[in-house]
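Chemist: Take a look at this one; I'll ask things after.
Please treat every number below as a calculation from the coordinates, not as lab data. Source: prediction; values computed, not measured. Glycine also receives a Cβ, built like all others from the backbone with ideal geometry; neighbour counts cover every protein chain displayed.
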Amino acid sequence: MSVNNWIDLLSVRERLAKGLVDKGVLRTEKRNFLLFDMATHPVADYTTKSNLITHVTTLLTATTSTVPSAALDKEGTQCRVIRAVCLVCAAYTASVLDNAFGRMGYEEREGAFQRADEILGEFASWPFGSAGESVGFGSGSSSLSTPGRRKAGAGSRIATGSSGDGSRESILGLLQEVRKEMMPTTGGGTGGGAQGEEEDVGFELVAGVLEVLSKLDSLL
């Protein structure tokens with residue numbers, strides 16, 4: 001990666017940190033690093049951090065097709081399920097899930113990592129779920145379909161049952177709930193009219209972003 005690309009990434013990091021500081025989640029401190037001072041952003045609101053950890057761990061340890069309410073934002077939040085999916089995928093591809101799994105045993109941690117990998121595999125393709133053709137969402141395998149990062153093809157095993165039953169049921173439930181969120185609430189019918197087109201473009205963009213995240217290792 002070129003120097004300019006690294007500078008761009010640092011700029012993005014600082015903008016994200018500033019946004020979290022403005023929301024009161026982080027605070028800004030100056031720390032001395034040998035010859036110069038540098039701004040750091042430690043956590044200020046530990047309640048928010050704790051809630052995020054609860055969302056992630058609950059989603060990754062669910063054993064049924066019902067999406068646990070503890071894994072989602074508060075009632076009334078738009079697209080709560082796809083938000084939870086994006087949170088898990090972003091944390092997984094950023095390699096920070098270890099910080100959330102401190103109280104888990106070895107097998108539970110490995111299962112949670114595998115679940116995150118499978119979720120990424122299913123939602124980093126468009127239509128969602130096309131990494132496993134028999135899930136019933138979308139028509140066959142898409143050219144955007146991409147495996148997760150830990151094991152190639154992990155996502156495509158969901159529909160065939162080679163993943164654990166609890167994991168498979170949980171991810172099928174996520175796909176079903178996200179499909180419901182994709183349904184237009186106005187504009188008449190399912191997928192008809194301009195509203196339906198806008199919804200499809202928005203969710204397809206999510207799939208594209210998650211595809212890029214799934215390839216971060218190779219890009220860097």
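Chemist: Sequence-distant or interchain residues sharing an amide H contact under 5 Å with Phe128, placed H: which?
Modeler: none
Chemist: State the answer as a single residue: which of Thr61, Tyr92, Leu26 lies farthest towards the positive end of the charge dipole of region 1-107, with beta carbon charges of +1 for Lys and Arg and -1 for Asp and Glu, about the Cα centre.
Modeler: The listed residue farthest towards the positive side: Leu26.
Chemist: Give me the orientation-averaged projected area of the Cα convex hull of region 36-81, in nm², one decimal.
Modeler: Details: hull surface 20.0 nm².
Mean shadow area of the hull around the Cα atoms is 5.0 nm².
Chemist: In region 42-130, what trypsin sites (Lys or Arg not before Pro) fall in a loop by DSSP, with at most 12 other Cβ atoms inside 10 Å?
Modeler: Values: sites: Lys49, Lys74, Arg80, Arg83, Arg103, Arg109, Arg115; in loops: Lys74, Arg103.
The qualifying sites are Lys74, Arg103.
Chemist: Step through the residues of region 19-26 one at a time and calculate ³J(HN,Hα) from phi using the Karplus curve (6.51 cos²θ - 1.76 cosθ + 1.60, θ = phi - 60°), rounding each to whole Hz and writing x for Gly and Pro.
Modeler: 3J(HN,Hα) across region 19-26, in whole Hz: x, 6, 5, 4, 7, x, 7, 10.
Chemist: Per residue and in Å³, how big is the convex hull formed by the alpha-carbon atoms of region 59-137? The partial results should precede the final answer.
Modeler: Details: hull volume 8.9 nm³, N = 79.
Here the figure is 112 Å³ per residue.
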